[in-house]
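Here's the structure, in structure tokens; my notes come after.
The values are calculated or read from the model by the stated rules, or taken from the named source; none is laboratory data. What you see is a predicted model, and the numbers here were worked out from it, not measured in a lab. Counting neighbours? That spans all protein chains shown, and the Cβs are built from the backbone with ideal geometry, glycine included.
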Amino acid sequence: MTAALDPPRPHLRVVAEQTWALTARATLATARNPANWLPGLIFPLVMAAVYAAQFADATRLPDFPEVDSFLQFILPSAILQGISFNSANAGSDMATDIETGFFDRLISSPVARQSILVGRIGGAAASAAFQSVVLMVVFLLFGAPVKSGLVGAVALVIISVLLGVALAGFGLMVALRTGSPEATQAMFPLIFVAIFVSSAFFPTELMKGWYQQVAQVNPITLIINPTRELVITGWSWADFAQAVTLTILVAVVSLSLSYRAYLARLASS
Amino acid sequence: MTAKPVVAEGLVREFGELRAVDGIDLEVEAGEIFGFLGPNGAGKSTTVRMLVTLLRPTAGVARVAGFDVVKEPTAVRRSIGVALQDAAIDPLMTGTELLRLQAILHGLGGKVADQRCGELLERVGLTAAADRRVGTYSGGMRRRLDLALALIHRPVVLFLDEPTTGLDPTSRQAVWEEVRTLNDEGTTVFLTTQYLEEADQLAGRIAIIDGGRIVREGDPGTLKDQVGDPTLRVELSDAVMADTAARVLAGFGDERPARAGRLAIGLRGGAAHLAEVVRALDEQGVAVAHLELDSPSLDDVFADATGRRLEGAEADSA
């Protein structure tokens with residue numbers, strides 16, 4: 001074997017291949033490890049079952065939106081919960097790579113630097129898509145369809161993917177700053193708290209005091225409410241646009257943070 | 001390729017107060033196996049991490065395959081193959097998947113990548129296990145896959161960091177064989193190890209690092225010779241002849257401590273004079289029951305340089 005460098009191939013094509021290969025790896029790792037994706041399906045379903053039973057009659061309260069069932073009301077929340085599990089995984093998988101040295105293996109190769117980060121984000125997007133589809137199908141089987149039909153379902157998948165990316169950004173930031181899977185998993189409850197202080201499981205109109213004030217300005221409320229309209233009322237471009245725009249805003253923030261953390265890690269070596 | 005595979009001048013790396021690498025000069029010649037030997041925590045891995053662009057030097061310059069590790073890291077990465085001891089392999093992926101990924105990371109695509117993966121799997125004897133997840137591999141199989149990964153792009157210089165640590169003797173032999181073959185084919189190998197035998201077996205030239213500094217450098221034979229004369233131990237058939245034997249041996253070197261019933265000297269000039277000793281003893285009618293010549297080992301070289309022993313030293317993680 002003589003020492004000979006292979007001829008260079010077109011740069012963009014190489015970068016695209018690398019990004020795709022690393023996305024595939026991230027997705028594969030999630031798919032092959034049930035501990036990674038199963039909780040993100042089971043937990044939201046159990047929560048939904050409990051809430052739907054507990055609050056079945058809450059839908060008759062004055063000021064409660066017009067819905068078929070409480071189950072239908074919390075469909076977007078269940079998807080959000082599932083995605084938050086997965087996005088925490090995107091972070092902890094990255095942290096595991098750092099901890100085990102696989103990250104070093106990647107960066108000691110001439111791989112395009114951005115591919116490593118984008119690959120992880122791509123993995124989170126893929127599992128968010130999977131999760132939203134599965135949850136919508138299960139809810140449909142239990143009599144909680146998306147009112148806006150197939151178009152609405154596609155819209156929900158798009159919003160879910162963007163949400164997956166946005167939340168993964170936070171997980172990746174912690175992972176890249178700390179290099180610790182434990183620390184990355186530890187931020188997961190914070191997302192949960194943020195979900196609970198929002199309209200995810202109850203309309204803000206029925207809340208009181210500081211709790212209501214916080215929940216009303218919580219970005220999660222501002223994303224969940226229009227998404228929920230697509231589920232319980234019907235198709236509306238305005239609702240779709242609001243959900244997408246706000247999610248993209250959150251994603252811009254979280255991805256900027258994770259990108260800065262990534263550059264800091266590359267530079268600190 | 002005219003540039004030397006590895007050149008380092010005054011390489012320094014500090015971690016806060018700690019000076020892990022304290023001014024290292026290195027030159028590795030094309031086509032050699034260079035052994036970088038030292039105890040855990042001596043600065044081996046830190047040096048290698050700087051050479052493979054994973055760590056920035058605090059001071060000094062290093063060029064690998066002719067490229068500056070700080071200013072031209074991508075060109076360095078294209079030229080080197082790296083198998084780091086502490087860089088794990090993703091257990092959820094199969095051997096083939098990992099090789100394909102590695103090929104893509106190096107910008108190889110399509111047919112070239114497929115062909116190279118097939119060749120390398122066969123080369124390291126993993127064809128049968130290629131589609132199994134790496135999590136099911138034995139330690140030896142992982143290390144061989146690691147080697148294949150480092151070779152995917154036919155590197156100019158191969159960096160092997162502790163390639164056999166934790167392997168059983170058979171697997172160790174297999175890795176050594178493969179490294180020799182690669183070297184015969186023209187690949188320059190930069191090998192770090194804490195095993196004296198490994199350096200002795202593989203390396204044409206070694207550098208011993210201790211406390212972040214290089215304390216000895218040269219080919220193993222010369223380094224051992226520099227430590228001093230080998231020890232000649234003689235066991236006599238008949239103890240009556242002890243005085244005569246001692247007188248004869250005194251002419252070949254200084255007496256060294258020996259067990260009862262034996263005589264030992266530091267044989268001046270080394271093994272070349274062994275025949276003369278035997279002849280002289282024979283002429284004086286001394287019958288020899290047993291005779292052995294102990295050359296200084298690399299451990300003696302290490303002890304001579306540092307005042308400590310490497311062999312059997314406590315393996316604390318660096």
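Descriptive notes on the structure:
- Only one of the numbered conditions (1) of a type in the set (Asp, Glu); (2) touching a residue at least 60 places away in the same chain (Cβ under 8 Å); (3) in the same structural domain as B:Asp294 (by TED's automatic domain parsing) is not met by B:Glu235, and that is (2).
- If you go through the stretch B:247-276 and keep only what is farther than 17 Å from B:Asp225 by Cα and surrounded by 14 or more Cβ atoms within 10 Å (Cβ to Cβ), you end up with B:Val248, B:Leu249, B:Arg256, B:Ala258, B:Arg262, B:Leu263, B:Ala264.
- Those residues of the stretch B:1-24 which are among the acidic types (Asp, Glu) and closer than 9 Å to B:Gly60 by Cβ, in sequence order: B:Glu9
- Selection over the stretch B:243-280 of residues that are farther than 21 Å from B:Ser297 by Cα and in contact (Cβ under 8 Å) with a residue 40 or more places away in the chain gives a count of 3.
- Of all residues in the stretch A:247-263 being within 17 Å of the chain's Cα centre (by Cα) and crowded, with 19+ Cβ neighbours inside 10 Å, the one that is farthest from A:Leu71 (Cα to Cα): A:Ser258
- Any hit, the stretch A:236-245, residues being charged (D, E, K, R), surrounded by 13 or more Cβ atoms within 10 Å (Cβ to Cβ) and in contact with a helix residue (DSSP H, G or I) (Cβ under 7 Å, 6 or more places away or on another chain): yes
- Residue satisfying condition, being over 28 Å from A:His11 (Cβ atoms) and out of contact with any Phe, Trp or Tyr (no Cβ under 6 Å at 6 or more places or on another chain), within set A:Ile79, A:Ile98, A:Ile107: A:Ile79
- B:Phe34 fulfils the conditions (1) more than 12 Å from chain A (Cβ to nearest Cβ); (2) modelled with pLDDT under 95 except for a single criterion, (2).
- Of all the numbered requirements in (1) touching a Gly at 6+ places or on another chain (Cβ under 8 Å); (2) away from chain A (no Cβ under 12 Å); (3) without any contact (Cβ under 8 Å) to a residue 40 or more places away in the chain, B:Tyr137 misses one, and that requirement is (3).
- For the stretch B:47-80, filtered to residues that are among the hydroxyl-bearing types (Ser, Thr, Tyr) and surrounded by fewer than 24 Cβ atoms within 10 Å (Cβ to Cβ), the residue that is nearest to the other protein chains (Cβ to nearest Cβ) is B:Thr74.
- Filter result for the condition that a residue is in contact with a helix residue (DSSP H, G or I) (Cβ under 7 Å, 6 or more places away or on another chain) and either part of a strand (DSSP E or B) or surrounded by 20 or more Cβ atoms within 10 Å (Cβ to Cβ) (or both), over B:Ala130, B:Ala113, B:Ala88: B:Ala113
- In the stretch A:96-105, the residues that are outside any loop (DSSP other than H, G, I, E, B) and either within 7 Å of chain B (Cβ to nearest Cβ) or over 16 Å from A:Ala267 (Cα atoms) (or both): A:Thr96, A:Asp97, A:Glu99, A:Thr100, A:Phe102, A:Asp104, A:Arg105
- Residue in the stretch B:155-189 that is surrounded by the fewest Cβ atoms within 10 Å (Cβ to Cβ), counting only those that are within 12 Å of chain A (Cβ to nearest Cβ) and free of Cβ contacts under 8 Å to residues at least 12 places away in the same chain: B:Asp184
Yes/no per residue for (1) at positive phi; (2) touching a residue at least 60 places away in the same chain (Cβ under 8 Å):
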| position | (1), (2) |
| --- | --- |
| B:Gly43 | yes, yes |
| B:Thr53 | yes, no |
| B:Val64 | no, yes |
| B:Val70 | no, no |
| B:Val82 | no, yes |
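- Taking the listed residues A:Leu28, A:Leu45, the one that is aliphatic (A, V, I, L, M), part of a helix (DSSP H, G or I) and either in contact (Cβ under 8 Å) with a residue 24 or more places away in the chain or more than 14 Å from every other protein chain (Cβ to nearest Cβ) (or both) is A:Leu45, with no other qualifying.
- Count - residues of the stretch A:248-269 that are under 11 Å from A:Met173 (Cβ atoms) and of a type outside the set (D, E, K, R): 10
- Taken together, the criteria place A:Ala153 among residues that are out of contact with any Gly (no Cβ under 6 Å at 6 or more places or on another chain), in a helix (DSSP H, G or I) and more than 30 Å from B:Arg77 (Cα to Cα).
- Set side by side, the residues B:Val48, B:Val12, B:Val61 differ, and just one is under 27 Å from B:Leu298 (Cα atoms), in the same structural domain as B:Leu151 (by TED's automatic domain parsing), part of a strand (DSSP E or B) and not hydroxyl-bearing (Ser, Thr, Tyr), which is B:Val12.
- Filter pass, A:Arg13 being within 14 Å of chain B (Cβ to nearest Cβ) and without any contact (Cβ under 8 Å) to a residue 12 or more places away in the chain: yes
- Residue check for B:Ala287: over 30 Å from B:Gly38 (Cβ atoms) and touching a strand residue (DSSP E or B) at 6+ places or on another chain (Cβ under 9 Å): yes
- Flag for B:Gly125 being closer than 22 Å to B:Arg77 by Cα, assigned to a loop (DSSP other than H, G, I, E, B) and among the small types (Gly, Ala, Ser): no
- Of the residues making up the stretch B:224-245, at least one is crowded, with 17+ Cβ neighbours inside 10 Å, at pLDDT 85 or above and of a type in the set (Gly, Ala, Ser).
- Residue in the stretch B:204-221 that is of a type outside the set (Phe, Trp, Tyr) and at pLDDT below 90 present: yes
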